[in-house]
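Written below as structure tokens is the structure these notes are about.
The values are calculated or read from the model by the stated rules, or taken from the named source; none is laboratory data. Remember, it's a predicted structure, so these values are computed and weren't measured experimentally. Positions of Cβ are backbone-derived with ideal geometry, glycine not excepted, and every protein chain shown enters the neighbour counts. Accessible surface areas use protein heavy atoms only, side chains included; no ligands, DNA or RNA. Shrake-Rupley method; radii C 1.70, N 1.55, O 1.52, S 1.80 Å.
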Amino acid sequence: MAQSNLYSRVIGTGSYLPADRVTNQDLADRLARQGVETSDEWIVARTGIHARHFAAPDQTTSELALHASRQAIEAAGIDPESIDLIIVATSTPDFVFPSTACLLQNKLGIKNGGAAFDIQAVCSGFAYAVATADSFIRGGMNRTALVVGAETFSRILDFNDRTTCVLFGDGAGAVILQASDEPGVLSSALHADGSHSSILCTPGNVNKGVIEGSAFLHMDGQAVFKLAVKVLEKVAVEALEKARLTAGDIDWLIPHQANIRIMESTAKKLHVPLERMVVTVGEHGNTSAASIPLALDVAVRDGRIKRGQHVLIEGVGGGFTWGASVIRY
Ligand code: UT7
């Protein structure tokens with residue numbers, strides 16, 4: 001019988017960045033050797049990115065997820081066997097199938113037969129995953145969820161395309177959500193508009209044993225920029241209204257870390273002071289579904305985010321997809 005839980009609550013966070021830290025200058029030097037021109041000045045001025053991390057050639061998304069998950073499990077102080085739901089948000093899975101979540105369950109040594117699946121909502125993936133896990137827990141279907149955003153975007157970057165390859169990085173972030181009588185996730189809002197699918201896509205597919213179409217990321221940066229600024233404000237307001245809060249109640253804004261200009265514009269529109277926004281894009285680059293849980297973990301571990309505070313997370317990305325959650329930490 002379904003048990004009635006009022007809330008799902010964050011009881012632990014974790015994150016992982018691969019060892020290879022590549023500064024803008026490192027990247028500019030590498031690209032120059034193949035005749036592609038860029039500069040630290042351009043990247044910083046247009047995006048706020050100073051460095052990103054790239055996975056080692058043999059490092060998979062599930063491995064990055066494993067490191068972040070172990071940290072989150074340790075922070076939560078739970079037995080991994082108590083995790084009855086694993087959701088991995090990723091657009092760079094290890095395989096077409098099985099899902100990265102199933103691979104992660106096995107790597108964690110979990111034998112309880114709990115549910116495990118991936119969510120594919122690109123850079124909104126973590127917002128989608130939190131909303132999904134929260135619904136499952138509040139509905140009584142599950143009690144303890146491991147929710148992960150993990151990406152190896154470096155694998156789908158075309159290093160001859162300077163308009164995209166300087167923007168993205170690899171990494172993983174994880175949270176444990178558990179059923180609780182105390183407030184946790186207060187509200188969520190998710191949206192998609194598939195008519196904009198072509199402005200940000202990796203349109204290749206596997207057919208008869210070969211990849212058909214391009215397996216590289218393609219983006220119309222300006223179109224994405226304009227849409228992102230518009231929907232991020234709208235979805236934040238929607239999630240706040242659902243939680244019966246205003247932007248003034250938000251202690252920390254954690255937007256998807258794609259571009260400091262988009263992030264600052266969103267914060268200004270919402271009237272959230274910039275010092276209340278968690279910014280990791282400078283050191284992480286855009287890690288797609290991993291960017292929000294990475295930033296969350298950084299701000300939890302450095303003591304900025306404290307118990308009882310309100311955190312607004314919001315993502316936007318390919319699909320086109322967007323979503324937000326208000327969380328009482
Ligand atoms: O995670 C999903 C969400 N993704 C995003 O939110 C990304 C949204 N878009 C953006 O962040 C920005 O549009 C970009 C950072 C991608 C680009 O910034 P922009 O201010 O829109 O630049 P632009 O595309 O208008 O390009 C300006 C100039 C162009 O040269 P011309 O035509 O003015 O001569 C580009 O060719 O900058 C040039 N350019 C570069 N120059 C040096 C483009 N990429 C580079 C580069 N290095 N890496």
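One table, with the values for the structure above:
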quantity	calculated
In order through segment 85-98: 3J(HN,Hα) via Karplus (6.51 cos²θ - 1.76 cosθ + 1.60), integer Hz, x for Gly, Pro	8, 10, 10, 10, 8, 7, 10, 10, x, 4, 9, 4, 7, x
Accessible surface, the chain, averaged per residue in Å² (probe 1.4 Å)	42 Å²
Net length gained if the chain between Lys242 and Ala19 were fully extended (0.36 nm per residue, minus Cα distance)	76.3 nm
Residues in segment 52-78 reached by a label modelled at Asn106 [backbone nitrogen below 17 Å; 7 Å Cα→Cβ]	59-67
Cα-based Lys proximity count in segment 185-328, under 24 Å, for pairs eight or more positions apart or on separate chains	13
Cα-based shape type of segment 74-141, given that a ≥ b ≥ c are square roots of the gyration tensor eigenvalues and the cut on a/c is 1.5	oblate
Fluctuation leader among Pro273, Pro57, Pro80 - the chain, Gaussian network, Cα springs under 10 angstrom	Pro57
C-alpha long axis of helix 61-76 to longest principal axis of the chain, angle in °	40 degrees
Candidate residues Trp252, Trp42: accessible-area rank, largest first, probe 1.4 Å	Trp42, Trp252
Within the chain: Cβ-based charge dipole about Cα centre, in debye rounded to nearest 20 (Lys, Arg +1; Asp, Glu -1)	520 debye
Simple label model, 7 Å out from Cα along Cβ direction - Glu37 to Ala192, nm	4.1 nm
Order by protection proxy (mean Cβ within 10 Å, highest first), peptides 208-215, 11-18	11-18, 208-215
Debye intensity ratio in log₁₀ form over the Cα atoms of the chain, taken at each q of 0.12 Å⁻¹	-0.76
Share antiparallel - DSSP beta bridges, the chain, percent rounded to 5	70 percent
Amide H contacts under 5 Å for Gly285, placed H, 5+ residues apart	His50, Ala51
Tilt relative to the chain, helix 24-33 - C-alpha long axis, 0 to 90 degrees, to 10	40 degrees
Centroid-to-centroid separation of segment 280-311 and segment 10-74 [C-alpha atoms, Å]	15 Å
Carbon plus sulfur fraction of accessible area for segment 185-328, probe 1.4 Å, in percent	55 percent
With every protein chain in place, segment 1-152: carbon and sulfur % of accessible area (1.4 Å)	53 percent
Three-way shape label, segment 242-329, alpha-carbon gyration tensor, a/c 1.5	rounded
Highest-first arrangement of 176-183, 24-31, 69-76, where packing means the average Cβ count within 10 Å	69-76, 176-183, 24-31
Area projected by the alpha carbon convex hull of segment 7-180, averaged over all directions, nm²	10.3 nm²
Helix axis angle, 260-270 relative to the chain longest principal axis, alpha carbon, degrees	40 degrees
Selection from Ser188, Asn286, Ile262, by position along the positive dipole direction of the chain (Cβ)	Ser188
DSSP-assigned coil residues among trypsin sites (Lys or Arg not before Pro) in segment 287-329, each with at most 11 further Cβ atoms within 10 Å	Lys306, Arg307
